[in-house]
Amino acid sequence: MEQYKHTVQYYETDKMGIVHHSNYIRWMEEARVDFLSQIGWAFDKLESLGIASPVTALDCKYKTSCTFADEVFITVKIEEFKGVRLKLYYEMNS
């Protein structure tokens with residue numbers, strides 16, 4: 001799988017130039033959509049089959065901050081799959 005790449009936009013930062021914590025979660029969602037597409041399960045395909053893919057839980061550990069124009073690379077992996085529930089693991093590096 002290819003990593004998802006996000007370039008930090010100015011509007012995602014605060015007055016100190018640091019990315020607001022909520023944006024990391026948005027990037028995880030972008031990476032999830034990209035990951036599903038890479039494995040052949042694009043969102044439009046899932047929805048046309050009547051399959052919903054809601055996020056039901058989230059756990060995030062912040063280790064470093066990103067700033068404007070940083071390139072963030074997000075790796076997505078399947079951590080667990082139990083029939084109906086898919087648990088993904090994300091790792092971000094800049």
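Condition check: open to solvent by 100 Å² or more (accessible area, probe 1.4 Å) and in contact (Cβ under 8 Å) with a residue 12 or more places away in the chain. Does residue 62 satisfy that? Yes; evaluated as a whole, the condition is true for this residue.
Among the residues of the stretch 31-47, the ones that are assigned to a helix (DSSP H, G or I), modelled with pLDDT of 95 or more and not basic (Lys, Arg) come to 7 in all. Please enumerate the residues belonging to the stretch 4-30 that are assigned to a helix (DSSP H, G or I) and of a type in the set (Val, Ile, Thr). Within the stretch 4-30, 25 is the sole residue that qualifies.
Hey, any hits in the stretch 65-74 for a residue that's surrounded by 12 or more Cβ atoms within 10 Å (Cβ to Cβ), among the hydroxyl-bearing types (Ser, Thr, Tyr) and modelled with pLDDT under 95? No, the conditions are met nowhere in the stretch 65-74.
Residue selection: residue 73 fails the criterion of being free of Cβ contacts under 8 Å to residues at least 24 places away in the same chain and either in contact with a strand residue (DSSP E or B) (Cβ under 8 Å, 6 or more places away or on another chain) or assigned to a loop (DSSP other than H, G, I, E, B) (or both).
Does residue 87 qualify as being farther than 14 Å from residue 6 by Cα, of a type in the set (D, E, K, R), touching an Asp or Glu at 6+ places or on another chain (Cβ under 7 Å) and surrounded by 10 or more Cβ atoms within 10 Å (Cβ to Cβ)? Judged against the criteria, residue 87 is a match. Of the residues making up the stretch 1-51, those that are touching a residue at least 12 places away in the same chain (Cβ under 8 Å), within 17 Å of residue 62 (Cα to Cα), open to solvent by 40 Å² or more (accessible area, probe 1.4 Å) and over 18 Å from the mean Cα position of the chain (by Cα) number 1.
The values are calculated or read from the model by the stated rules, or taken from the named source; none is laboratory data. Since the model is a prediction, treat every value here as computed from it, not as a measurement. Backbone-built Cβ (ideal geometry, glycine too); neighbour counts: all protein chains shown. Side chains are part of the model used for accessible areas, which takes the heavy atoms of the whole protein and leaves out ligands, DNA and RNA. Shrake-Rupley method; radii C 1.70, N 1.55, O 1.52, S 1.80 Å.
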